[in-house]
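Asks: One structure, as structure tokens, below. Some questions next.
Quick note: the coordinates plus some simple rules give every number you see, no bench work behind them. Computed from a prediction, not measured in an experiment: that's the story for all the values here. All Cβ positions, even for glycine, are placed from backbone atoms using ideal geometry, and neighbour counts span all protein chains on display.
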Amino acid sequence: MEDRIKELLAELDLAGKLRLISGAGLFRMAGDPAIGLAEMPVSDGPSGVRGENWDERDPSVSLPSGTAIAATWDPGLLTEIGALIAAEARRKDVYAVLGPTMNLHRSPLGGRHFECFSEDPLLTAEMAAAYVRSVQAHGVSACPKHYVANDSETDRFTVDVRVGDRALRELYLYPFERTVEAGAWMLMDAYNSVNGTTMTENPLLDEPLKGTWGFDGVVVSDWTAVRSTESAANGTDLCMPGPWHLWGEPLAEKVRAGEIAESVIDDKVRRILRFAHRVGALAATPQPTPVFTDAQAQDLVRRVAAEAMVLVRNDGILPLAPETTVALLGLSAGEPRFLGGGSATVIPGHTTTPVEGLTGRLPLTHTAGVHLSEALIPAPLAIMTDPETGEPGLSARYFEDETELGTQHRATSRLVLLGDELAARSNTIELNTRLRADTAGEWQIGFGGVGHIRLDLDGETVLDENLVLDGGDPAAALLNPPQRHVTRTLSVGDEIAVRVVTSIEEAMPGLGIILGATLGIRRPQRADDEEFAAAIELARAAEVAVVVVGTTEQIESEGVDRTSLRLPGRQDELVSAVAAVNPRTVVVVNSGAPVEMPWRDDVAAVLLSWFPGQEFGDALADILTGTAEPGGRLPTTWPKTMAEVPVLDTTPVGNVLDYAEGIHIGYRAWLKAGIEPAYPFGHGLGYTTWETGDLTVAGRTVALTVTNTGARAGKHVVQVYLSRPDSIVDRPVRWLAGFTTVSLAPGRTQTVSIDLPARAFQHWGADGWVSEPGEFIVSAGTSVTDLPHTACIY
Ligand code: BGC
């Protein structure tokens with residue numbers, strides 16, 4: 001391979017080389033026909049593969065998010081997940097999937113907490129390395145991100161994270177080190193600075209990444225993170241998106257002037273050619289991937305979602321007995337979140353909500369009980385007719401000034417136009433549909449978007465506005481744009497012709513394209529108190545109440561950190577009121593990250609579903625009815641209250657975010673502070689009972705027997721922690737050193753052995769890794785605070 005790369009490099013002139021180190025589009029790496037190199041599309045990632053287009057015409061399988069995957073504590077599952085991700089990538093002609101996201105849960109406020117795995121570097125590393133290995137086994141590249149210390153979102157483009165060497169090495173860099181070891185072909189650097197230098201130029205790209213660790217793949221910038229022409233002298237190899245005005249010709253001038261050595265560019269090109277070789281872009285046909293039918297993909301996503309759900313409390317009510325009558329309450333029961341917001345968003349072709357999943361499995365009544373937001377929702381397909389085709393949906397007409405470029409039928413009301421070729425050439429887009437009222441009363445009809453937007457109803461212009469975005473984050477412009485609406489009183493069956501015309505105006509400084517447009521509605525709804533009371537009545541009448549609570553896209557998404565851990569709206573009040581009339585209340589929490597649960601001791605069971613992907617409803621029904629058991633254990637500590645969280649603040653002071661807590665984040669910080677959280681790291685219950693035998697130690701291998709003493713098959717997660725109370729250095733009270741999962745039939749016993757990595761015994765000293773001689777204490781159990789077995793280890 002290296003000889004061939006050398007030959008190809010020799011065929012390229014400077015212009016050819018520079019073309020390769022910048023993108024050829026928003027999500028496309030450049031090719032070069034003269035050397036037989038195809039263009040290489042890349043795609044977000046990480047919980048599904050969106051592809052170059054962001055729309056419903058080419059849907060993607062939506063997998064559980066990062067916290068959910070980590071909650072399985074089962075790197076083995078990644079073999080199947082990786083195969084599915086690779087198959088999706090190949091189907092969409094994608095060469096690299098931009099994931100896994102493996103920054104750490106330093107603070108529960110972090111906006112991309114849901115996308116990352118864990119607060120623990122070892123658990124993160126194990127899951128991330130398995131992700132990389134399994135995707136790449138099929139010839140598709142993974143792209144671990146974001147190198148490094150991109151653990152929160154506030155001022156994410158400019159924040160300077162100040163972090164000491166020891167915390168960097170032991171915590172934040174460790175998962176990246178392990179994915180390099182696993183053979184990652186590409187890795188993404190971050191928007192933020194670390195210790196004064198922006199990450200696209202940071203010396204950490206040279207050492208340890210390309211130096212000691214020997215990373216020989218491509219370092220790609222996070223999107224738009226390359227900030228200068230001079231930056232090309234540093235470790236970023238590929239500037240995305242591209243072509244980018246700062247590289248290209250200005251860079252050519254610097255190379256010609258001898259300010260940047262051509263050998264530096266050659267190294268980047270060599271890496272890109274090596275990548276191209278690995279993913280098959282230099283071959284006539286890339287490596288074949290497994291093929292998943294829709295049914296196989298759905299089955300896998302459903303299984304993983306169930307493996308990920310964490311039952312943190314159960315007084316014995318779960319699993320529910322057959323034929324139990326259920327009042328299924330909460331807004332998230334009918335309008336759940338399947339995935340987190342931001343670049344991780346994919347458009348699934350199929351979803352099941354909790355209401356859909358439980359219907360037919362148990363006798364059911366349902367109402368939301370709360371209205372969470374005043375925001376419009378994208379108009380449902382069932383009430384939209386495209387006037388051009390008569391099909392459900394709308395027609396989108398694209399114009400460049402007065403010239404019509406084309407019309408598309410679209411089976412959606414939420415158009416994301418990134419990647420659409422017609423949209424890229426248009427400066428005006430017109431959406432037309434006939435909306436049919438399915439409920440009588442006062443409807444809200446409107447739009448969301450950025451730019452100049454006009455709304456016509458039955459031919460009459462009712463809104464005409466320039467919508468500007470606060471702050472310049474394009475992700476926010478796309479996913480949480482401003483909205484406007486009017487109200488109309490409609491009877492069931494009434495039809496209304498809706499036209500939305502959106503065009504580019506100066507209102508969008510710096511963004512010369514229309515990013516998207518949403519046709520939104522709100523149906524007539526019961527007054528808040530009436531809706532609340534209706535839920536309480538249903539709870540009273542049923543044998544069991546299941547309340548599905550959750551966060552919203554507005555508060556838990558890329559681009560912003562949360563400001564509160566409380567559930568939005570009246571959800572806490574709803575749970576308490578339901579539990580007061582029906583003690584047999586089960587709460588399902590549909591969030592990607594911890595929320596406060598002030599009612600947790602007053603309800604019969606609490607199940608955390610995370611953002612579980614497209615099969616939410618069926619996976620939840622499997623667990624509630626006992627067809628599957630909740631396989632998850634907490635990958636991150638859940639606090640009682642935000643006030644008690646030991647490491648919380650994500651707001652930079654004078655542009656600096658100081659990781660003053662050093663190595664004490666997550667459960668390490670909780671243990672150090674001596675505060676008891678609501679539920680500790682590692683905690684989670686199944687449906688059977690277990691007995692574990694004594695711990696034996698041989699070298700760095702620990703072993704113990706595990707017996708399923710219950711009446712049904714189940715999964716047990718053995719967790720092993722180290723501690724060193726008499727250490728010469730400041731250490732965590734204890735830290736995770738190894739783990740494994742065991743699935744056993746009732747009555748069966750298995751001996752599990754776990755090899756603890758040498759690194760688990762080392763700390764980062766002034767001159768590198770240090771092994772402190774002497775005795776460590778090793779403990780095993782089911783969470784960081786439930787460790788019945790202890791031994792000495794050297
Ligand atoms: C995100 C990356 C993502 C990229 C491309 C950035 O804003 O930080 O995670 O891969 O956009 O969508």
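Asks: How charged is the neighbourhood of residue 432? Take every other residue with its Cβ under 15 Å from the Cβ of residue 432, and add Lys/Arg as +1 and Asp/Glu as -1.
Replies: Counting the neighbours of residue 432, the net charge comes to -3.
Asks: Residue separation times 0.36 nm, minus the C-alpha to C-alpha distance between residue 181 and residue 283: what's the value?
Replies: Stretched fully, the residue 181-residue 283 segment lengthens by 34.2 nm.
Asks: Another question about this same structure. Over 24 Å between C-alpha atoms is what I'm after, so list which of 6/268; 145/672; 145/268; 17/254 land there.
Replies: 145/672
Asks: Also: How long is the gain from residue 267 to residue 79 if the chain were fully straight, where each residue apart is worth 0.36 nm and the alpha carbon distance is subtracted?
Replies: Result: 64.4 nm gained on full extension.
Asks: Excluding residues fewer than 8 places away in the same chain, name every one of the aspartates and glutamates whose C-alpha is closer than 20 Å to that of residue 92.
Replies: Counting by Cα, and skipping residues close in sequence, residue 92 has these aspartates and glutamates nearby: 39, 44, 52, 55, 56, 58, 80, 294, 420, 421.
Asks: Further question on the same structure: Which residues' amide hydrogens lie under 5 Å from the amide hydrogen of residue 102, considering only partners 5 or more residues apart or on another chain, with H built in the peptide plane?
Replies: Under 5 Å from the amide H of residue 102 lie the amide H atoms of 145, 146, each far enough along the sequence or on another chain.
Asks: Test of understanding: what is the full-extension gain from residue 543 to residue 388, defined as 0.36 nm times their sequence separation minus their Cα-Cα distance?
Replies: Roughly 50.9 nm would be gained on extension.
Asks: Report D for the chain in µm² per second (integer): Stokes-Einstein, Kirkwood Rh on Cα pairs, 10 °C, 1.306 mPa s.
Replies: Calculated translational D: 58 µm²/s.
Asks: Using +1 on the beta carbon of Lys and Arg, -1 on that of Asp and Glu, and nothing else charged, what's the dipole of segment 377-522 about the Cα centre, debye to 20?
Replies: For segment 377-522, the charge dipole is close to 440 debye.
Asks: Which of 130, 557, 657 sits farthest toward the positive end of the charge dipole of the chain, with +1 on the Cβ of Lys and Arg and -1 on the Cβ of Asp and Glu?
Replies: 130
Asks: At a 10 Å Cβ-Cβ cut-off, how would you order 12, 205, fewest neighbours first?
Replies: 12, 205
Asks: Can you find, among 763, 719, 778, the residue sitting farthest towards the positive end of the charge dipole of segment 688-793, where Lys and Arg contribute +1 and Asp and Glu -1 at Cβ?
Replies: Positive-end residue among those listed: 719.
Asks: Got a sec? Charge dipole of segment 377-522, +1 on Cβ for Lys and Arg, -1 for Asp and Glu; which of 457, 500, 445 is way out at the positive end?
Replies: Ranked along the dipole, the leading option is 445.
Asks: Moving to a separate point now. Give me the distance between the Cα centres of segment 254-302 and segment 626-669, rounded to whole Å.
Replies: 35 Å
Asks: Work out the FRET efficiency for residue 466 and residue 792 from their Cβ-Cβ distance, taking R0 = 51 Å, and round it to the nearest 0.05.
Replies: Result of the calculation: an efficiency of 0.15.
Asks: Hey, another quick one. If neighbour count is taken as other Cβ atoms inside 10 Å, put 792, 239 in order from fewest to most.
Replies: Taking fewest neighbouring Cβ atoms as first place, the list is 792, 239.
Asks: I would also like to ask the following. Kindly provide the helix-only [θ] at 222 nm of the chain, computed as the sum of -39,500 (n - 2.57) over DSSP H runs of four or more divided by all residues, to the nearest 500 deg cm²/dmol?
Replies: Calculated at 222 nm, the ellipticity per residue is -6000 deg cm²/dmol.
Asks: If you don't mind, there's one more thing I want to ask. Across segment 30-36, in residue order, what do the Karplus-derived ³J(HN,Hα) couplings come to in whole Hz, using 6.51 cos²θ - 1.76 cosθ + 1.60 with θ = phi - 60° and x for Gly and Pro?
Replies: For segment 30-36, the Karplus-derived couplings read 5, x, 8, x, 4, 10, x Hz, x marking Gly and Pro.
Asks: Could you check the spin-label model distance between residue 162 and residue 696? Points 7 Å from the Cα along Cα→Cβ, value in nm.
Replies: The answer from the label model is 5.2 nm.
Asks: Give me 616, 532 ranked fewest to most by other Cβ atoms within 10 Å of their Cβ, as a rough exposure proxy.
Replies: 532, 616
Asks: Still on this structure, I have one more. Counting other Cβ atoms within 10 Å, keep those with at most 11, restrict to DSSP loop, and tell me which GluC sites (Glu not before Pro) in segment 31-72 are left.
Replies: Passing both the DSSP loop test and the Cβ count: no residue.
Asks: Right, another one. Based on Cβ point charges of +1 for Lys and Arg and -1 for Asp and Glu, what charge dipole magnitude is obtained for segment 310-404 about its Cα centre, in debye rounded to the nearest 20?
Replies: Computed about the Cα centre, the dipole is about 800 debye.
Asks: Follow-up question, since we're still on this one. How big is the dipole moment of the chain about its Cα centre under a simple scheme where the beta carbon of each Lys and Arg is +1, that of each Asp and Glu is -1, and everything else is neutral? Debye, nearest 20, please.
Replies: Charge dipole, the chain, about its Cα centre: 1780 debye, nearest 20.
Asks: Counting only C-alpha contacts under 8 Å and six or more residues apart, can you give the relative contact order of segment 688-793 as a whole percent?
Replies: In percent, rounded to a whole number, it is 30.
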